[in-house]
Amino acid sequence: MSETKVQFWGVRGSIPAPGPLTAGVGGNTSCVELRVGEQIIVLDAGTGIRGLGLSLEREFAGRALELTLLISHTHWDHIQGFPFFKPVYNPENRVHIRGYEGARSPFSAVMLAQMESPYFPVEMKQLPANIDLLELQEFDFAVESCAVKARLLNHPGVCAGYRIETPGGAVVYLPDNEPQVRMREIQKAAGLEVSEDTMVRAQKCDAALIDLMRGARVVIGDSHYTPEEYPKHVGWGHSDAETVTRLAMEAGVEELYLFHHHPEHDDQQVASKTMHCQQVAEGSGLRVEAAVEGLSVVF
């Protein structure tokens, strides 16, 4: 059976947050590497993809590299590292980029635009690597040997989560998502009118999210806020750590990695958030850890 490896290269949300207070967890934005045997799948191209590129360049020195980059959505913290990804400057390499149409622009248009003048000195068409840029039309597809199921998440614009089947179990990537039942409960508690139909739709959306996570070996889940912070940010498109933990428990997930850490959360705050979620999950069979730059999970 092929070995599966998940490695975190960028775990921060919204904007890079470097500095001594965040050095333990890391300050780079979203990027996760998934290895299934010899196959390489990269999830998002935040600033963390720069370090991944340097590592791949050392590993594949003198050899051609082929990988697939799955983009969840085109907010800057998920694509801003792509122009600094060294493998795309090697003509021997082949990079397949996949994602969905944005709220107002085609996927390819957004990816191309951030590399146009005056934003960047090298245009996408000038990159030496063999780049295959494709807008996905289906929500069930395959990346080589891995079956992939994508579902739209509750986040401003268009954002997809991915479930990738590997021989060792499913890896589910949910970088930016606001669970809907919790959102509606907070709105109702604040005195806003929430109809019965709206709540039923919210329950169906959360049920679909649980189904996407069902029995997964690893879930990488948006935990941008603490439970105390979340009520002030309802509708912003992000979860609090406790809510995603409870959903993962209901889905029978083995391991949850809290991800997309708030840029203002230092190492101590991330540790505190993680400890709280571990207490919530105690006795459920769910293991909860913080996603940290450099952390590898092998199974």
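Would you check which residues across segment 277-299 are within 20 Å of the chain's Cα centre (by Cα) and outside any loop (DSSP other than H, G, I, E, B) and list them?
Passing the criteria: C277, R287, V288, E289, A290, S296, V297, V298.
For beta carbons closer than 6 Å, sequence separation of 6+ or different chains, a first residue in segment 104-117 that is under 10 Å from E135 (Cβ atoms) and a second that is among the aliphatic types (A, V, I, L, M) and surrounded by 15 or more Cβ atoms within 10 Å (Cβ to Cβ), the qualifying pairs are S108/L133. Of all the numbered requirements in (1) within 14 Å of the chain's Cα centre (by Cα); (2) at pLDDT 95 or above, V158 misses one, and that requirement is (2). For segment 163-190, a residue qualifies if it is farther than 17 Å from G237 by Cβ and modelled with pLDDT of 95 or more, and the qualifying residues are R163, I164, E165, T166, P167, G168, G169, A170, V171, V172.
Answer yes or no: is there a residue in segment 266-276 that is assigned to a loop (DSSP other than H, G, I, E, B) and either out of contact with any Asp or Glu (no Cβ under 8 Å at 6 or more places or on another chain) or at negative phi (or both). Step through it out loud before you land on a result.
In the first step, residues of segment 266-276 are kept if they are assigned to a loop (DSSP other than H, G, I, E, B); the result is 266.
Cutting the leftovers down to either out of contact with any Asp or Glu (no Cβ under 8 Å at 6 or more places or on another chain) or at negative phi (or both) gives us 266.
Yes, that holds for at least one residue.
Taken over segment 156-180, the criterion of being of a type outside the set (G, A, S) and open to solvent by 30 Å² or more (accessible area, probe 1.4 Å) is satisfied by P156, V158, R163, E165, P167, Q180. Pairs are defined by a Cβ separation below 9 Å, a sequence spacing of at least 6 or placement on different chains, a first member in segment 7-18 that is under 17 Å from L43 (Cα atoms), and a second member that is open to solvent by 30 Å² or more (accessible area, probe 1.4 Å) and among the acidic types (D, E); the pairs so defined are F8/E293; W9/E293; G10/E293; V11/E293; R12/E293.
Annotation note: of G285, G294, G237, the sole residue that is open to solvent by 40 Å² or more (accessible area, probe 1.4 Å), at positive phi and out of contact with any Phe, Trp or Tyr (no Cβ under 9 Å at 6 or more places or on another chain) is G285.
Filter segment 1-10 for residues that are polar (S, T, N, Q) and surrounded by fewer than 22 Cβ atoms within 10 Å (Cβ to Cβ); which is farthest from A160 (Cα to Cα)? Once the filter is applied, the top-ranked residue is S2. Looking at P167, P175, can you tell me which residue is closer than 15 Å to L43 by Cα and not hydrophobic (A, V, I, L, M, F, W, C)? Exactly one residue qualifies, and that residue is P175. Contact annotation: residue pairs with Cβ atoms under 8 Å, 6 or more positions apart or on different chains, pairing a residue in segment 118-130 that is more than 10 Å from Y89 (Cα to Cα) with a partner that is open to solvent by 40 Å² or more (accessible area, probe 1.4 Å) and part of a loop (DSSP other than H, G, I, E, B), are E123/E116; E123/S117.
For segment 204-231, a residue qualifies if it is open to solvent by 50 Å² or more (accessible area, probe 1.4 Å) and in contact with a helix residue (DSSP H, G or I) (Cβ under 6 Å, 6 or more places away or on another chain), and the qualifying residues are C205, P231.
Within segment 240-265, the set of residues being part of a loop (DSSP other than H, G, I, E, B) and open to solvent by less than 10 Å² (accessible area, probe 1.4 Å) comprises A251, V253, H260, H265.
The values are calculated or read from the model by the stated rules, or taken from the named source; none is laboratory data. Predicted model, so just to flag it, every value in this text is computed and none were measured. Positions of Cβ are generated from backbone atoms using ideal geometry, with glycine treated the same way; all protein chains shown enter the neighbour counts. To get the accessible areas, we keep the full protein, side chains included, count just its heavy atoms, and leave off ligands, DNA and RNA. Shrake-Rupley method; radii C 1.70, N 1.55, O 1.52, S 1.80 Å.
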